[in-house]
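Each remark here refers to the structure printed beneath this line.
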Amino acid sequence: MSIEKQKNNVLRFEQKARFHYLKYQKLADRGNYIDALVALRAAAAKDPENTDYQMELAELYTELCCFDESNYIFFSLIAKEKGDPGDCVFGLGCNFFGLRDADKARECFTRYLEEFPEGMYTYEAQDFLDLMEYEEAEALEDDVPPGAYDIAEEGKDLLDQGEYEQAIQILSTALQKYPDLLFIKNNLALAYYCCGETEKSQELTREVLAAEPENLHATCNKILFENSLGPGESWEDCIAALDRLVPEELDEKVKLALTYCELMEDERAYRILQTVLEEMPYDARTLFLMGASAANTGRYAEAFDYFMDMIKIDPENTIALYYKNLVQEVCDGKRESVRILYAYQVPMEEIRRRMAFINASLQKGTEELQRLWREDEVFSSLLVWGLSLGELSVKRAVLDIIGNFADKKAEG
């Protein structure tokens, strides 16, 4: 352990990788996985060639449902021929299963059983394969054709990312192939609504409710659509209709919570989101919605903790950083209150400020840009933030810029 004396005469202890690793173990044993991630990530940064740290970091990311981050580590270890190859293949299978990519998950688990028949995860790999086979058989019993869920999920993912026109194309094609599948109609109705095509969205919703009057997703959609068009049912009747719904599946809880968010029924949204968080405690979007609903109901210290958890999981999450600073100002008495919109993005004025900063920075020379990327965390974090914007052309432009830096950080 080295000790450096600072200008203010405070001694700073520069901890080694082993210290952070032991801290990670203690935190993980207590079930504090978010702080454990911070400690393990610090250990891996201090000793980047330690394969054991990298493997445990990938496994912890899987535990936190950060599947893409975990996959990046596993693929890197395989490419470098480091770590246990069987463990990496099994880990990739678990991540693809979590990402709902059944084909790649099946490929990984099958490969694991073929190439590592004596591996420690043999039974688990077979269990995953059996589970996927069971789910496919169950879908067939429910008259859901093979591949329908995959296409619908692709459309829903585009919808969640704000790519509404692409979502409409995918979901419309899916509905032509599978005209009786109500979950496709619900998502297509929402995509039409987001594009301003309210007549189409209402017609689809009426079709769903005619076939299944108690359909929770369609009921929520109906109330959202009617509320946006002006006077319909009284506000009290709409809220009473939502309050009568009893969500059982996770996706139903999420849908009801989002509907309350859209209607600015903050306290109701907060209560439902608490049940969602129990099942998805590390999901960034859920943590964001919890932070927003907590702030909007005056629970600012609690909101601060939710945004901090997001930052601990992803240190470059500048959306969480923005709102963390905002609620901190309220906690410190610098603001009386704040209202946070439920869209998982910074406000429009902040988007403009950030884009202006990025554009001004890009006017600098190549060497200066390289220096900013290496040394200026604000610049690099805002470039990464640019990938969260819905506009595909912006994402491509940002990727081109980052790609030109051609270093390990850009690769990540």
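The values are calculated or read from the model by the stated rules, or taken from the named source; none is laboratory data. Worth saying up front: this structure is predicted, and the values here are computed from it rather than measured. Every residue, glycine among them, receives a Cβ derived from its backbone with ideal geometry; neighbour counts consider all protein chains shown. Just so you know, the surface numbers come from the protein's heavy atoms only, side chains and all, with ligands and any DNA or RNA stripped out. Shrake-Rupley method; radii C 1.70, N 1.55, O 1.52, S 1.80 Å.
When residue 184 is tested against (1) within 30 Å of residue 243 (Cα to Cα); (2) over 28 Å from the mean Cα position of the chain (by Cα); (3) hydrophobic (A, V, I, L, M, F, W, C), only condition (2) is not met. Restricting attention to region 81-106 and to residues that are aliphatic (A, V, I, L, M) and open to solvent by 30 Å² or more (accessible area, probe 1.4 Å), the residue that is nearest to the chain's Cα centre (by Cα) turns out to be 99. Test residue 52 against the stated conditions and say whether it is out of contact with any His (no Cβ under 6 Å at 6 or more places or on another chain), open to solvent by 30 Å² or more (accessible area, probe 1.4 Å) and over 22 Å from residue 104 (Cα atoms). Against the criterion (out of contact with any His (no Cβ under 6 Å at 6 or more places or on another chain), open to solvent by 30 Å² or more (accessible area, probe 1.4 Å) and over 22 Å from residue 104 (Cα atoms)), residue 52 qualifies. Of the residues making up region 304-314, those that are open to solvent by 50 Å² or more (accessible area, probe 1.4 Å) and closer than 15 Å to residue 388 by Cβ number 1.
Looking at region 284-293, can you tell me whether even one residue there is part of a loop (DSSP other than H, G, I, E, B), basic (Lys, Arg) and open to solvent by 50 Å² or more (accessible area, probe 1.4 Å)? Checking region 284-293: not a single residue is part of a loop (DSSP other than H, G, I, E, B), basic (Lys, Arg) and open to solvent by 50 Å² or more (accessible area, probe 1.4 Å).
This table checks each residue for (1) in a loop (DSSP other than H, G, I, E, B); (2) touching a Lys or Arg at 6+ places or on another chain (Cβ under 8 Å); (3) among the β-branched types (Val, Ile, Thr).
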site	(1), (2), (3)
44	no, no, no
49	yes, no, no
54	no, yes, no
57	no, yes, no
114	no, no, no
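The set of residues in region 255-274 being open to solvent by less than 50 Å² (accessible area, probe 1.4 Å), within 24 Å of residue 156 (Cβ to Cβ) and part of a helix (DSSP H, G or I) consists of 255, 256, 257, 259, 260, 261, 269, 272, 273. Report yes if some residue within region 2-24 is among the β-branched types (Val, Ile, Thr) and at pLDDT below 95; otherwise report no. Within region 2-24 (the criterion being among the β-branched types (Val, Ile, Thr) and at pLDDT below 95), the answer is yes, since at least one residue qualifies. For region 321-345, residues that are open to solvent by less than 70 Å² (accessible area, probe 1.4 Å), under 17 Å from residue 290 (Cβ atoms), assigned to a helix (DSSP H, G or I) and out of contact with any Asp or Glu (no Cβ under 7 Å at 6 or more places or on another chain) total 7. Can you confirm whether residue 170 is under 19 Å from residue 191 (Cβ atoms) and in contact with an Asp or Glu (Cβ under 7 Å, 6 or more places away or on another chain)? Yes. For region 121-131, indicate whether the set of residues that are within 20 Å of residue 177 (Cβ to Cβ), buried (at least 16 other Cβ atoms within 10 Å of the Cβ) and not aliphatic (A, V, I, L, M) is non-empty. Checked against the condition, which is being within 20 Å of residue 177 (Cβ to Cβ), buried (at least 16 other Cβ atoms within 10 Å of the Cβ) and not aliphatic (A, V, I, L, M), region 121-131 yields no hits at all.
Here's the yes/no breakdown for (1) under 21 Å from residue 272 (Cβ atoms); (2) open to solvent by less than 40 Å² (accessible area, probe 1.4 Å):
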{"site": "171", "(1), (2)": "no, yes"}
{"site": "184", "(1), (2)": "no, yes"}
{"site": "196", "(1), (2)": "no, no"}
{"site": "201", "(1), (2)": "no, yes"}
{"site": "236", "(1), (2)": "yes, no"}
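For region 324-346, the tally of residues that are touching a Phe, Trp or Tyr at 6+ places or on another chain (Cβ under 8 Å) and closer than 12 Å to residue 301 by Cα stands at 5. Check off (1) over 30 Å from residue 294 (Cα atoms); (2) surrounded by 14 or more Cβ atoms within 10 Å (Cβ to Cβ) for residue 412 and give me the number that stays unchecked. Status for residue 412: all satisfied but (2). Looking only at region 346-369, decide whether some residue is open to solvent by 60 Å² or more (accessible area, probe 1.4 Å), touching a residue at least 40 places away in the same chain (Cβ under 8 Å), assigned to a loop (DSSP other than H, G, I, E, B) and more than 30 Å from residue 271 (Cβ to Cβ). So far as region 346-369 goes, no, none of its residues is open to solvent by 60 Å² or more (accessible area, probe 1.4 Å), touching a residue at least 40 places away in the same chain (Cβ under 8 Å), assigned to a loop (DSSP other than H, G, I, E, B) and more than 30 Å from residue 271 (Cβ to Cβ). Only one of the numbered conditions (1) open to solvent by less than 60 Å² (accessible area, probe 1.4 Å); (2) touching a helix residue (DSSP H, G or I) at 6+ places or on another chain (Cβ under 8 Å) is not met by residue 301, and that is (1). Number of residues in region 379-394 that are free of Cβ contacts under 8 Å to residues at least 12 places away in the same chain and either open to solvent by 40 Å² or more (accessible area, probe 1.4 Å) or farther than 18 Å from residue 163 by Cβ (or both): the value is 2.
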